[in-house]
Structure formats: C-alpha cells, structure tokens
Amino acid sequence: MTPLRRPSVFVIVDLGFGDSGKGLLTDFLVRRTGASLVVRYNGGAQAGHNVVTPDGRHHTFAQFGAGTFLPGVRTFLSRHVVVHPTALLVEAAVLQGKGVEDVFSRVRISERARVITPFHQAANRLRELARGDARHGSCGVGVGETVQDSLEHPAEAVQAGDLRDGAVLRSKLRRIRERKHAELSALWALGRTVPAMERERGIFEREEVLDAWIEQATRLAKLGLVVPDSTLTGWMEEASSVVFEGAQGVLLDEWKGFHPFTTWSCCTASNALELIAESAPDAQVTRVGVLRSYAVRHGAGPLPTETKMLRPGATEHNAFNDWQGPVRYGWFDAVLARYALDVLGGVDVLALTHLDAPSPSRSWAVCSAYAGEWWAEEYADLVADRIAAGTLTRLAVGPERSLEHQTRLTQLLTKATPMLDHCEPEESAVLTQLEQLLGRTVDITSRGPRASDVQLRTAAHLPWGSRQS
C-alpha cells in the first residue's frame, strides 16, 4: 500500500502589533515551496499585506491570499475570517488590472464565515469617532462590530451562506439596521457630532444602501465562491504544500493583547491548528513567527520604545489614514517579543524583516528590559522574570480570557521605561544582538520588499523545497 502523503503546512504568525511582513513571507514561501494554496485563518478585510513581485507589481492584499500573484495559487477564506463582500469585489477588480485574470476561479469562502454589513461598518466608525482622542485604533472596516454583534445576537448574524438567499439576507439586514440604529441613538444625544458622523449616520437612513449592498454582495454566491468547509479538506488533499496566512499580530490578540487596544480576532496559531486538525491531520506543520528589526504600530495603544528617530528612514507601504493615524515606530522591544513567543509557546522558525533598516542610520538601539521599582507591589503578578530588582525582562502570560490581566498589562506598558542597549547600525551586529536577547537563532531574514530579498539562514533541515518563481 502506498503511504499517505503528508502535506507541508506553514503557519505564519506576526509576533508584534502587525505590519511585520506577513505578506512578504507568504509570497516567499509560496514561491520557495511551490505551495498551491493560501488559507486565511483569522482577521478580515482590514488586513494590509504588501507584496512586490519580481517585475515590480505591488499590491496590498486585504482578503485575497498574498500568494495570488502566482498562477494557480488558490485562496480559502476560512470560517474564522470576517468577510467584506463589496471590498472583496473591489480587490478582485484591482488584481485583474494588475494581470491576475482568473482571480475569481481561485478563491473560495467558507459558508460559515461572518459577513460585514454596511451597518456594522458604519456603527464601528461612529463609535470610534465618538471616542475622540480616546480612540481604540480601529481600522474602521467593521470587523470588531460584526464579531461582537454575532456573539450577542447569533440568530441575526449574517454568514456567507446567507448570500445565497436574498430573502433571508434582506430580513436579517433590516433587523440589524433597526437595532444598530437604536443602539447608536445615544451618540446623537451627546451633541458632539461632526460631519463624518453625519455621513455614517446616513447609512441607516437611506433605503437604497440596503438594496445596492444586497445586489453586490450576492454576486459572490452567484459566482460560486461560497462553499462548505469540506472544500478546504479537498484542496488540502490536492496540495503538497500550504501556507496559512495570519492577520494582525499576537500583541493585538483579543485575549492576549493589551486591552482595550486589541482586535476581535484570535491572532495566535490556534485557529490555523484547528483547521489543519480537521482538514489535514497528518500534515507536517511548521510555525513561522515574524518580527521587524524595530517595533512598529499603526493605531492607538502602548508602544514603550516609540521614537521619532526611526521615522525619516522607515520605508512603508502602509501610511497615514483617518482611522489609525500615522504609522508609529520604536526600537526593537525584546520584552514584548519574549511575551509574544511565550503566548505561542515558541515557534519553529523565526523570521526577521526590514534588516536593511539599521545600515543607513547613525545609531541603533534595542530594548532589553524595562527599568524601575514602581511595579514591585501593584504589578508584581505581571512580572514573569527580572534580572535584578527593578529590571523587568519578561511579562507574565495571564490566565485564559482575562481582560482584567490584559488591561493591567496595558497600564504597566504605559508606565514602562525601556532600558536601551546601543549597538553598531549594521545588520550583522543588530542580528547578533537580537539573537542574544531572544535566546534563539533567527532562521529567515529579509532586506527588502521582494521575495528575492529574503534569505534562509539556519533552517535547511525544514521542508522548504527549492522552487523559485
């Protein structure tokens, strides 16, 4: 009897606040291993995964997998992804304009995936606008609003499968519109509305919004894109190599990130491992964690090592937007990197991107610990390790689903004073310093935005394959 083939599966997890290079790593692994399938296993349409092809085409992938530029590579949006139907159609059109002709034939959506409606997106934006300077850093797409609403009102939650039935869809949308409009009435009472709020409020008051959205959203079902979860099993059986592309980052995780500046999504590898256990239990799984050579955050929330020194030299595809504001930068933070690794229980492969950043700089620094005595009593339970009294090197991973623990971690981070170690602004010196601080090797490095800028260092024993496209 011929033994069953074990597909090689690579699970990419961002160990920061997002923007570490998941799109680049997905594109690289697809090219390197010949993977024919990319599975999105968390997050939603707020993703911004950048890929630059060898011939210079650039795309910021939001819902399509970041391997889509390669012919024949499929995307499966799992039940853990929050789908934005109209944005998916727009992204498809953009990709077609960049030479991806068969884009719809290569994407499928789990019928159990939650769907963002225009009323969830508007409600998300209205709540964030009402917070003023106390914004949570939302992308304004409606992912969190959709997830929370589905948990509190499951009978009305719109799933991708509902896009097959216009009558059911219209009934759910009307109930959602009425309920969300009533919920938001308290915002009007505050009397602090701004023009942007008035525009979003109009979404609830114009009947043509509902009609136009249904017409567009149901196209996904008419195109045959909505499928049962068993489709993933079939696709996994056909693939010799698969990349599971994560979204956002561990430090934004709904239960392990720093509340309230978090996302309504599991950003660890848990969802991916669940899907793999169901669809390809014999797969050979490699967990790939990715970090930048410096800290980055797009949106509100603590960034202990934040500095203006990195802004002039930083190269960024993502940029300022009205919801998250400017991209923020800080020195590499080993305390947060250790925390992310501890949350995951470690990774099989560690990737470090943007390693070309130090060389043009006059000086370079990394944070090895936080200094101070102020946490000795109030935050003692949040300290997992320290070198000496007053030197915090490791944050404690809290109990499951404890927002209290995560809120107190946020408070700690807002008071933290980073201990900065300076090193030569040269990539080998920075790489050596980071490996020492993390107590492990860096297996993959990148020095630019293309797959050709990625280098394997110490992971030759893993199932990387040898194909390059």
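The values are calculated or read from the model by the stated rules, or taken from the named source; none is laboratory data. Quick caveat: nothing in here was measured; it's all calculated off a predicted structure. In this analysis, Cβ positions are derived from the backbone assuming ideal geometry, glycine residues included, and neighbour counts consider all displayed protein chains.
Number of residues in the range 396-430 that are farther than 22 Å from Asp342 by Cβ and in a helix (DSSP H, G or I) equals 4. Within the range 19-36, being in contact with a Phe, Trp or Tyr (Cβ under 6 Å, 6 or more places away or on another chain) and under 17 Å from Ala247 (Cβ atoms) holds for Gly23, Leu29.
As an exercise: evaluate Ala113 against (1) more than 20 Å from the chain's Cα centre (by Cα); (2) at pLDDT 95 or above and give the number of the one condition it does not meet. With respect to (1) more than 20 Å from the chain's Cα centre (by Cα); (2) at pLDDT 95 or above, Ala113 is out only on (1).
Filtered by the rule that a residue be surrounded by 23 or more Cβ atoms within 10 Å (Cβ to Cβ) and under 9 Å from Glu426 (Cα atoms), the range 359-369 gives a lone residue, Trp364. Per the conditions (1) within 20 Å of Phe258 (Cα to Cα); (2) surrounded by fewer than 15 Cβ atoms within 10 Å (Cβ to Cβ); (3) in contact with a strand residue (DSSP E or B) (Cβ under 6 Å, 6 or more places away or on another chain), the sole criterion not satisfied by Ser402 is (3).
Counting just the residues of the range 176-188 that are modelled with pLDDT of 85 or more and either small (Gly, Ala, Ser) or within 13 Å of Glu207 (Cα to Cα) (or both), which one comes out surrounded by the fewest Cβ atoms within 10 Å (Cβ to Cβ)? By that ranking, first place goes to Ala182.
Any chance the range 20-28 includes a residue that's assigned by TED's automatic domain parsing to the domain that holds Phe244, over 23 Å from Leu273 (Cα atoms) and crowded, with 24+ Cβ neighbours inside 10 Å? Steps first, answer last, please.
Let us first name the residues in the range 20-28 that are assigned by TED's automatic domain parsing to the domain that holds Phe244, namely 20-28.
Going one step further and asking which of them are over 23 Å from Leu273 (Cα atoms), we end up with none.
The answer is no; no qualifying residue exists.
Only one of the numbered conditions (1) in contact with a helix residue (DSSP H, G or I) (Cβ under 6 Å, 6 or more places away or on another chain); (2) modelled with pLDDT of 95 or more; (3) surrounded by fewer than 20 Cβ atoms within 10 Å (Cβ to Cβ) is violated by Arg447, and that is (2).
Among the listed residues Phe69, Phe10, Phe104, Phe76, identify the single one that is closer than 30 Å to Asp149 by Cβ, at pLDDT 95 or above and in contact with a strand residue (DSSP E or B) (Cβ under 8 Å, 6 or more places away or on another chain). Spell out the reasoning first.
On the way: Phe69 fails: closer than 30 Å to Asp149 by Cβ; Phe10 fails: closer than 30 Å to Asp149 by Cβ; Phe104 fails: in contact with a strand residue (DSSP E or B) (Cβ under 8 Å, 6 or more places away or on another chain).
Just one listed residue meets the conditions, Phe76.
Could we say that Glu245 is among the acidic types (Asp, Glu) and either modelled with pLDDT of 95 or more or in contact with a Pro (Cβ under 7 Å, 6 or more places away or on another chain) (or both) here?
Values: among the acidic types (Asp, Glu): yes; either modelled with pLDDT of 95 or more or in contact with a Pro (Cβ under 7 Å, 6 or more places away or on another chain) (or both): yes.
For Glu245, the condition - among the acidic types (Asp, Glu) and either modelled with pLDDT of 95 or more or in contact with a Pro (Cβ under 7 Å, 6 or more places away or on another chain) (or both) - is met.
Per-residue answers, yes or no, for (1) under 20 Å from Leu420 (Cα atoms); (2) without any contact (Cβ under 8 Å) to a residue 12 or more places away in the chain; (3) not assigned by TED's automatic domain parsing to the domain that holds Arg297:
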| site | (1), (2), (3) |
| --- | --- |
| Ala337 | yes, no, no |
| Ala351 | no, no, no |
| Pro360 | yes, no, no |
| Ser363 | yes, no, no |
| Ser368 | yes, no, no |
| Ala371 | yes, no, no |
| Glu377 | no, yes, no |
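Counting only residues that are in a loop (DSSP other than H, G, I, E, B), in contact (Cβ under 8 Å) with a residue 40 or more places away in the chain and farther than 18 Å from Gly43 by Cβ, how many does the range 65-97 have? Steps first, answer last, please.
Narrowing the range 65-97 to residues in a loop (DSSP other than H, G, I, E, B): 65-73, 78-81, 84.
Next, only the ones that are in contact (Cβ under 8 Å) with a residue 40 or more places away in the chain stay: 65-67, 69-70, 73, 78-81, 84.
Among the residues that remain, those that are also farther than 18 Å from Gly43 by Cβ are: 69-70, 73.
Residues that pass the stated criteria total 3.
For the range 30-38, the criterion of being buried (at least 24 other Cβ atoms within 10 Å of the Cβ), within 10 Å of the chain's Cα centre (by Cα) and under 19 Å from Ala269 (Cα atoms) is satisfied by no residue at all.
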